[in-house]
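Below is one structure, written out as structure tokens; the observations come after it.
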Amino acid sequence: GNQHVCQPAVNGIVPIVRQTLLNNGLDLEHYQPDVTLRTRQRSTYSPEYRFVIGVACALRARKQLEHLFETVRQLPADVGLVMAGGPIPEEKDYAAFLLHHGRELLGPRLIALGHLTELRPFYNSLDLFVNTSQEEACSLS
């Protein structure tokens, strides 16, 4: 939505001078396809993968990544899975188990990058982005 759509709901509660619009979305000027960036980032994974699937999320149970691991396991060997994200403090043991399980199923086909501060190279390197989350709080994936 935008500020004009939301404004009637807060009129009389929050003074107009105190209202601020916080954009909740991707900067489409920044997140553009870039062949050079794609080639450079892909070469850091494993260039032998014909097709690269990616997921970016916290490593926690509600993200249901084990389903993605099982699905990729059933795909041809030249399909890789690149995962951006890491554990949250409350679920570090689960994250360690999840990574171990993923590596058992996929071996070197699972490339875990950990937390990334810049996702543009990651997104550009993918052929398919997957969101396995049971729920998405901010819908930014």
Query raised in the report: Which entry in (i) 2, 9, 15, 15, 15, 14, 13, 10, 6, 2, 0, 0; (ii) 2, 9, 16, 15, 11, 9, 7, 6, 6, 5, 4, 3, 3, 2, 2, 1, 0; (iii) 2, 9, 17, 18, 16, 12, 9, 6, 5, 4, 2, 1, 0 matches P(r) over Cα pairs in 5 Å bins from 0, in percent derived from the coordinates of this structure?
Result: (iii)
Query raised in the report: Tell me, what is the per residue accessible area of the chain in Å², probe radius 1.4 Å?
Result: 64
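Which percent of the accessible area of the chain is formed by carbon and sulfur heavy atoms (probe 1.4 angstrom)? Spell out each step's value before the answer.
Numbers: 5030 of 9080 Å².
Here it works out to 55 percent.
Which shape class, rounded, prolate or oblate, goes with the stretch 19-64 when its Cα gyration tensor gives a ≥ b ≥ c as root eigenvalues, a/c under 1.5 marks rounded, and past that a/b bigger than b/c marks prolate? Present the calculation step by step, with values, prior to reporting the outcome.
On the way: a/c = 3.92, a/b = 1.40, b/c = 2.81.
It is oblate, given that a/c is not under 1.5 and a/b is not larger than b/c.
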Query raised in the report: What distance in nm separates the simple spin-label points at Q74 and R50, each placed 7 Å from Cα in the Cβ direction?
Result: 1.9
Query raised in the report: Using a ≥ b ≥ c from the Cα gyration tensor of the stretch 59-129 (square roots of the eigenvalues), is it rounded, prolate or oblate, where a/c under 1.5 gives rounded and otherwise the larger of a/b and b/c decides, a/b for prolate?
Result: oblate
Query raised in the report: Just R109, R18, R40 to compare: in a GNM of the chain, with alpha carbon springs under 10 Å, which one fluctuates most?
Result: R18
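The values are calculated or read from the model by the stated rules, or taken from the named source; none is laboratory data. Since the model is a prediction, treat every value here as computed from it, not as a measurement. Cβ atoms come from the backbone with ideal geometry, glycine included; neighbour counts cover every protein chain shown. Accessible surface is based on the protein model in full, side chains and every heavy atom, while ligands, DNA and RNA are left aside. Shrake-Rupley method; radii C 1.70, N 1.55, O 1.52, S 1.80 Å.
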